[in-house]
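Please treat every number below as a calculation from the coordinates, not as lab data. Given the structure is predicted, the values throughout are model-derived calculations rather than measurements. When we count neighbours, we look across all protein chains shown, and the Cβ atoms used for this are built from the backbone with ideal geometry, even at glycine.
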Amino acid sequence: MNTIIKSGFLFLSIFLFSNFSAQTKSFKAKVEGNCGMCKDRIEMAAKSDKNVKSADWSMSKKVLTVSYDASKTDKKSILKSVAEVGHDNEMFRASDKVYEDLDACCQYDRPDNSKKMAKNADTKQVCELK
Ligand SMILES: [Cu+2]
């Protein structure tokens, strides 16, 4: 009887622990882009983080919805990966070089982020928008 209770507690604590350690959260973020190729590129970039469970970019709304393990990664790091492949978003601006290397159909109208950009922002690098 005692062992059954003990193993029951053990099972319960493992169950609770695994539930606590995997904190699935989600966010929506504005991400610039144009076409189906952009959609693939944006979603691939988000999913390159293995702690991202799902990523879906809406072409009509220009909004990326991500669900991720909040104990291992965060919105900032995911959106940085998205900017690194050329897509400006609400937290980061892609480098001019990467943007210019996108296919012509993917070169979305760039939002004017000049006011938000750091003064000495290097256009060869991803820039965090303040
Ligand atoms: Cu595109």
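Brief remarks on what is shown
- Residue match in segment 83-90 (condition: of a type outside the set (A, V, I, L, M) and exposed (fewer than 13 other Cβ atoms within 10 Å of the Cβ)): no
- Listed conditions (1) within 14 Å of the ligand (Cβ to nearest atom); (2) in contact with a Ser or Thr (Cβ under 9 Å, 6 or more places away or on another chain) are all met by S48, apart from (1).
- Per the conditions (1) more than 16 Å from the ligand (Cβ to nearest atom); (2) exposed (fewer than 13 other Cβ atoms within 10 Å of the Cβ); (3) assigned to a loop (DSSP other than H, G, I, E, B), the sole criterion not satisfied by Q125 is (2).
- Candidate set from segment 18-45 (those that are over 17 Å from E84 (Cα atoms) and of a type in the set (D, E, K, R)); member that is nearest to the ligand (Cβ to nearest atom): K28
- Selected residue (only one of S48, S54, S114 is among the hydroxyl-bearing types (S, T, Y) and within 15 Å of F27 (Cβ to Cβ)): S54
- Summed over segment 88-115, the residues that are within 11 Å of the chain's Cα centre (by Cα) and within 16 Å of the ligand (Cβ to nearest atom) give a count of 1.
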